[in-house]
1. Mind checking which residues of segment 95-126 are under 18 Å from residue 74 (Cβ atoms) and either surrounded by fewer than 16 Cβ atoms within 10 Å (Cβ to Cβ) or out of contact with any helix residue (DSSP H, G or I) (no Cβ under 7 Å at 6 or more places or on another chain) (or both)?
2. Please find, within segment 127-140, the residue that is surrounded by the fewest Cβ atoms within 10 Å (Cβ to Cβ) out of those that are over 16 Å from residue 69 (Cβ atoms) and touching a residue at least 12 places away in the same chain (Cβ under 8 Å).
3. Sort out which residues of segment 67-94 are in contact (Cβ under 8 Å) with a residue 40 or more places away in the chain and surrounded by fewer than 19 Cβ atoms within 10 Å (Cβ to Cβ), and write them in order of number.
């Protein structure tokens with residue numbers, strides 16, 4: 001009986017954990033296992049984005065803090081294209097990977113002029129960096 005109860009508890013626990021960190025609407029608590037890449041290398045690659053983006057403030061592009069789980073086109077005080085506002089995207093590792101492959105074709109009409117990262121490893125590294133930065137309260141304090 002104890003063994004059956006213990007097994008039931010483990011199954012319930014594992015089932016509950018399996019639901020954590022999925023790929024849609026995860027927010028900053030997204031499981032690290034869903035984000036693969038070299039964050040240190042991603043930080044270097046992110047310098048290509050720095051002409052328009054920063055983590056903590058809007059520039060020519062919107063800020064990237066609180067990125068994961070945020071609907072596209074919703075950063076306050078940033079003027080988005082209608083295409084981005086209407087895209088229906090919610091930023092997570094998968095949508096970022098798809099978008100960063102070719103932003104101009106992924107959201108036709110976006111104001112973002114960056115051609116994208118054609119290499120999947122580069123995209124994974126940038127996403128890992130963004131995920132790490134978003135989970136660091138010193139870098140991206142909760143709003």
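1. 95, 103, 109, 111
2. In this case the residue turns out to be 139.
3. 69, 90, 94
Residue by residue, here is whether (1) out of contact with any strand residue (DSSP E or B) (no Cβ under 8 Å at 6 or more places or on another chain); (2) modelled with pLDDT under 95; (3) in a loop (DSSP other than H, G, I, E, B); (4) farther than 20 Å from residue 141 by Cα holds:
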site: 10; (1), (2), (3), (4): yes, yes, no, yes
site: 43; (1), (2), (3), (4): yes, no, no, no
site: 56; (1), (2), (3), (4): yes, no, yes, no
site: 94; (1), (2), (3), (4): yes, no, no, yes
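The values are calculated or read from the model by the stated rules, or taken from the named source; none is laboratory data. None of these values were measured; they are calculated from a predicted model. As a convention, Cβ positions derive from the backbone with ideal geometry for all residues, glycine included, and neighbour counts pool all protein chains shown.
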